[in-house]
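Input: a single structure, listed below in structure tokens.
The values are calculated or read from the model by the stated rules, or taken from the named source; none is laboratory data. It should be emphasised that the depicted structure is a prediction, and the values quoted were computed from it without experimental measurement. Using ideal geometry, Cβ is built from the backbone for each residue, glycine included, and neighbour counts are taken over all protein chains shown. We work out accessible area using only protein heavy atoms, side chains counted, and drop any ligands, DNA or RNA first. Shrake-Rupley method; radii C 1.70, N 1.55, O 1.52, S 1.80 Å.
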Amino acid sequence: MKIKRVRFIALRNNEHFQCQTEFKRLVEEFGAEALKILSLFDEHYLPLYQQEDEAILKIRKSMYTEARMEVDRQRDNIFRGMVGINKASLNHFEPEVVAAAKHLKILFDTYGNIKRIPLQEETSAIYNLLQELNGDYLNDVQTVGLEKWRDKLQQNNIAYQALIKERDEENVAKTKLKAKEVRAEIDKVFYQIIQRLEAQMLIEGESNYREFVRRLNVLLESFANILAQRKGRNAATKEEE
């Protein structure tokens, strides 16, 4: 009874970790000692599995970095739009709108181009600006018609602060491990376990391992199908091009 092979190297990071997680659960369900792979599993596989988990955390952190950049870009655009609308309102046909715009211009000029200051200082500057827009300058905001812009700026600033908080929490689990290197190591141990199981089936017979291998092959087949489908889509795309 053979155990299916999968090109783990072709799996994406999350797919690879999911596959290893399901393999780990399967071994724990049947028992590493009962499968006679206790030493390989406990002493070699599990430490590498933990390292891969940490490496995935690092990758997710980089995703938050991209999200922060996008939110920062949005709030910069919103602030620029507010200033632009207010500048146009200086030429409004209604005197009260012009007066409100002049008052707001003083405030905007005080803060200057917030995009040029460091990001954390920018977050604080926007917070302080919003306090002003919701306080002494509230009537001017309403007169010029900047309420929705103000609210959107506030939403984006809160979103940016939330992403910073997530980043800081992840820094506790931060590691210098590289996913590619960890994956290569855990793959080696995985195949050592597979080879051990196949050798034991040759020596002892398949009866004690049949159900475990059957379910393992179902698991591996599902990830092989993911790779096959991706390969098919890529081939179709190239053909269209």
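Where the Cα atoms of segment 19-113 are projected onto their three principal axes, how long is each span, largest first, in whole Å?
87, 21, 13
Using each residue's phi in segment 52-57, evaluate 6.51 cos²θ - 1.76 cosθ + 1.60 at θ = phi - 60° and report the 3J(HN,Hα) Karplus result to the nearest Hz, with x for Gly and Pro.
My calculation for segment 52-57 gives 5, 4, 5, 5, 5, 4 Hz in order.
Describe numerically, in nm with one decimal, the distance between label points set 7 Å from Cα along Cα→Cβ at Lys4 and at Leu90.
Calculated label separation equals 6.9 nm.
If r is the Cβ-Cβ distance from Ala34 to Ile203 and R0 is 25 Å, what FRET efficiency results, to the nearest 0.05? Let's see the in-between values first.
Details: r = 16 Å, r/R0 = 0.64.
Approximately 0.95, to the nearest 0.05.
How high is the FRET efficiency from Asn113 to Leu26, r the C-beta distance, R0 41 Å, rounded to 0.05?
0.10
Based on the inverse mean of 1/r over its pairs of different Cα atoms, what is the Kirkwood hydrodynamic radius of the chain, in Å? Let's see the in-between values first.
Values: mean 1/r = 0.0438 Å⁻¹.
In the chain this quantity evaluates to 22.9 Å.
Roughly how many percent of the accessible protein surface of the chain is carbon and sulfur, given a 1.4 Å probe and a whole-percent answer?
Answer for the chain: carbon and sulfur cover 52 percent of the accessible area.
Which entries of Lys4/Lys178; Lys24/Lys231; Lys4/Lys180; Lys2/Lys36; Lys115/Lys152 have Cα-Cα distances beyond 19 Å here?
On the way: Lys4/Lys178 27 Å; Lys24/Lys231 27 Å; Lys4/Lys180 22 Å; Lys2/Lys36 17 Å; Lys115/Lys152 16 Å.
Where the Cα-Cα span goes over 19 Å, the pairs concerned are Lys4/Lys178; Lys24/Lys231; Lys4/Lys180.
Highest mean first, what order results for 213-219, 184-190 on Cβ atoms within 10 Å? Before the final figure, lay out each step's value.
Details: 213-219: 15.3, 184-190: 17.1.
So the peptides 213-219, 184-190, ranked by packing, come out 184-190, 213-219.
So with the 1.4 Å probe, I'd like the accessible area per residue for the chain, rounded to whole Å². Before the final figure, lay out each step's value.
Values: 14510 Å² over 241 residues.
With all protein chains present, the chain gives 60 Å² per residue.
Which value, in Å² rounded to 10, gives the accessible area of Ile164 with a 1.4 Å probe and all protein chains present?
Taking all protein chains as shown, Ile164 has close to 20 Å².
Mind grabbing the accessible area of Ser124 for me, 1.4 Å probe, Å², rounded to tens?
In the full protein context, Ser124 sits at about 60 Å².
Using a 10 angstrom cutoff on alpha carbons, build the Gaussian network for the chain and name the most mobile of Arg68, Arg183, Arg230.
Residue with maximal mean-square fluctuation among Arg68, Arg183, Arg230: Arg230.
On a 0 to 90° scale, report how tilted helix 147-171 is relative to the longest principal axis of the chain, with both axes built from alpha carbons and the result rounded to the nearest 10.
It is inclined by approximately 40 degrees.
Per residue of segment 36-48, in order, report the coupling 6.51 cos²θ - 1.76 cosθ + 1.60 (Karplus, θ = phi - 60°) as ³J(HN,Hα) in whole Hz, putting x for Gly and Pro.
Per-residue couplings from phi come out as 6, 10, 4, 5, 4, 6, 6, 8, 10, 5, 4, x, 5 Hz.
Enumerate the calculated ³J(HN,Hα) couplings along segment 214-222 in order (Karplus 6.51 cos²θ - 1.76 cosθ + 1.60, θ = phi - 60°), each rounded to whole Hz, writing x wherever the residue is Gly or Pro.
So the Karplus estimates, Gly and Pro as x, are 4, 6, 5, 5, 4, 4, 5, 4, 5 Hz.
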